[in-house]
Amino acid sequence: MMRQARADAFLLLLDEGNDFYKLGRPEAALALYLEGLAQAQRACGEHAMVTANFQGKAALAHSSLGNFAEALRLYESARATYARGTGAADHDVAALLANMALTLSKVGRHDEALAMQLDVVHMRSVASSAPAADPR
C-alpha cells in the first residue's frame, strides 16, 4: 500500500510538472520536477528509474530556462542510469537523448548533438522495425 501511495505521489508531481511545462511555465514545472527528484532519490536511490525520469524532466526545464550547464549535468546523470540497464523503455532513452542533443546544439556543441541525434534515429528505426509482440 505504501509503495502504491509513493508511486501515485511521484506520478502526481510528474503530471503537474508536465502540465506547467506544456503551459509555457518551465519555472513552475522545474520546481515540481526538483521536488519529485529529491523525493525519488530519498525513497528509491540515486540510480532508480524514477530518479532518472525526474532528472530528464528537470533537465528539459533547466534547458528551457537557459540553465544549460545544469541541464547537461542532469541529462548525463539520467543517461548513466539508463545505461546501467535498469529497464528503461527505448522510447524514454531516445527522448532523453533527443532533448540532450537539442541542449548540446544550443550551447554550440553541434558535432556532439548531431552524433547523438543520429543515435536517436538509429534507436527509433530499430524499435519500429522490431517484430510485434505475440498478443496471446
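Of note:
Residues checked against (1) crowded, with 20+ Cβ neighbours inside 10 Å; (2) part of a helix (DSSP H, G or I); (3) not hydroxyl-bearing (Ser, Thr, Tyr):
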position	(1), (2), (3)
Arg3	no, yes, yes
Leu14	no, yes, yes
Asn18	no, yes, yes
Ala28	no, yes, yes
Val50	yes, yes, yes
Ser63	yes, yes, no
Glu76	no, yes, yes
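- In the range 21-47, the residues that are under 25 Å from Gly66 (Cα atoms) form Cβ pairs under 7 Å with partners that are among the acidic types (Asp, Glu) and part of a helix (DSSP H, G or I), at six or more places apart or across chains, as follows: Leu32/Glu16.
- Residue, nearest to Asn99 (Cα to Cα), within the range 112-130, restricted to residues that are surrounded by fewer than 11 Cβ atoms within 10 Å (Cβ to Cβ) and of a type outside the set (A, V, I, L, M, F, W, C): Ser125
Bear in mind that the values in this text are calculations on the coordinates, not laboratory data. Nothing here was measured: the structure is a model prediction, and the numbers come from that model. Don't worry about glycine lacking a Cβ; one is built from the backbone with ideal geometry, like all the others, and counts go over all protein chains shown.
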